[in-house]
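Below: one structure, written as structure tokens.
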Amino acid sequence: MNIILLGPPGAGKGTQAQRIVRKQGLIQLSTGDMLRAAVASGSDLGKEAKKVMDAGQLMPDALMIRMISERIDQPDCRGGFILDGFPRTIPQAEGLDRMLAEKGLRLDSVIEMKVDEEALVQRITGRYTCAKCGAGYHDSFQRPQSDGVCDHCGGSGITRRADDNEETVRTRLEAYRAQTEPILPYYGEKGILRSVDGMASIDEVADQIETALAAA
């Protein structure tokens, strides 16, 4: 089974992808991880990618699709994969479909995690982690039992991601609406798009995704 998870930043795609990996035995393919691995390997593809990255340019679609193509040719992807972070545009979606078709493969399901943007801003901007052990907390939803003290390790320091601020989050949401949302009708016309409530609890979202995949 070959799957794409779609949704704006902070929707919980990574969390749900990990659950699908454990349950379905699929391989999660993160374009960011693949790029770093390609560069580290020193392969021809990695050298091309490094030149683009060093120049501060956007990675060409053709290069991204070549990288994904090489990755899914590896034996561990024979049982299927979950794409995380790609495609983001209609040309990327079309290029991905052509590449898969050349291999005799196809996408089985595209899962859209629908969210309420205002609630999502609150969710992202309120999150923080223990500086010592990395345990996650939230200003509104998951505070430690004692303020300023980690429940897990007793640490007293916290860290927040630099980009977990309202201005950055809203900019990322705007980019998602402009660039990625238009591909939803593309997959809808193919009959493989399913939507789930991304604002539900983690377990409830996982159950919705499992139902959607079973219907694929």
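3J(HN,Hα) along the range 149-166: 10, 5, 5, 8, 10, x, x, 10, x, 10, 10, 10, 5, 4, 8, 8, 10, 4 Hz, from the Karplus curve 6.51 cos²θ - 1.76 cosθ + 1.60 with θ = phi - 60°, whole Hz, x for Gly and Pro.
Put a plus charge on the Cβ of each Lys and Arg, a minus charge on the Cβ of each Asp and Glu, and nothing anywhere else: the dipole of the chain about its Cα centre is then about 540 debye.
Counting only DSSP beta bridges with both residues in the chain, tell me the antiparallel percent, nearest 5. Roughly 30 percent of the DSSP beta bridges within the chain come out antiparallel.
Taking every DSSP helix (H) stretch of at least 4 residues in the chain, weighting each as -39,500 (n - 2.57) and dividing the sum by the residue count yields a mean residue ellipticity at 222 nm of -13500 deg cm²/dmol. When the alpha carbon gyration tensor of the chain is reduced to an equivalent ellipsoid, the three semi-axes, largest first, read 31, 22, 18 Å.
Size check on the range 105-216: the Cα extents along the three principal axes, sorted descending, read 51, 31, 26 Å. By the Cβ-Cβ criterion of under 4.7 Å, the unpaired cysteines of the chain are 77. Each of 185, 60, 202 was placed along the dipole of the chain (beta-carbon charges, centred on the mean Cα), and the one lying farthest toward the positive end is 60.
Amide H contacts of residue 6: 111, 112, 113, each under 5 Å away and 5 or more positions distant or on a separate chain (H built 1.01 Å from N in the peptide plane; Pro and chain starts excluded). In this calculation the C-beta distance from residue 51 to residue 15 is compared with R0 = 30 Å, giving a FRET efficiency of 0.35. Potential lengthening of the chain between residue 76 and residue 207 amounts to 44.6 nm, from the contour at 0.36 nm per residue minus the alpha-carbon distance.
May I ask you to derive the FRET efficiency for residue 99 and residue 140 from their Cβ-Cβ distance with R0 = 45 Å, giving the value to the nearest 0.05?
On the way: r = 43 Å, r/R0 = 0.95.
The computed FRET efficiency comes out at 0.55.
Pairs of Cα atoms nearer than 8 Å and 6+ residues apart set the relative contact order; for the range 94-153 it is 18 percent. Per-residue extension of 0.36 nm, minus the Cα-Cα distance of residue 119 and residue 133, leaves a gain of 2.3 nm for this segment.
Projected label points at residue 59 and residue 27, each 7 Å from Cα along the beta carbon direction, are separated by 1.6 nanometres.
Charges were assigned to the Cβ only: +1 to each Lys and Arg, -1 to each Asp and Glu. The resulting dipole of the range 116-214 about its Cα centre is roughly 360 debye. Note on the range 1-115: with charges restricted to the Cβ of Lys and Arg (+1) and Asp and Glu (-1), its dipole about the Cα centre is near 340 debye.
Around the amide H of residue 82, modelled in the peptide plane, lie the amide H atoms of 3, 27, 28, 29, all under 5 Å away and 5 or more residues distant in sequence or on another chain. With unit charges on the beta carbon (Lys/Arg positive, Asp/Glu negative), name the residue among 101, 134, 124 whose Cα is farthest towards the positive pole of the charge dipole of the range 96-140. Farthest towards the positive pole: 134. Considering only 40, 25, 83, and ranking their Cα positions along the charge dipole of the chain that arises from unit charges at the beta-carbon of Lys, Arg, Asp and Glu, the one farthest toward the positive end is 40.
Since every read-out is calculated from the coordinates, none of them should be taken as a lab result. Not measured: the values here are computed from a predicted model. Note: ideal-geometry Cβ built from the backbone for every residue, glycine included; neighbour counts use all protein chains shown.
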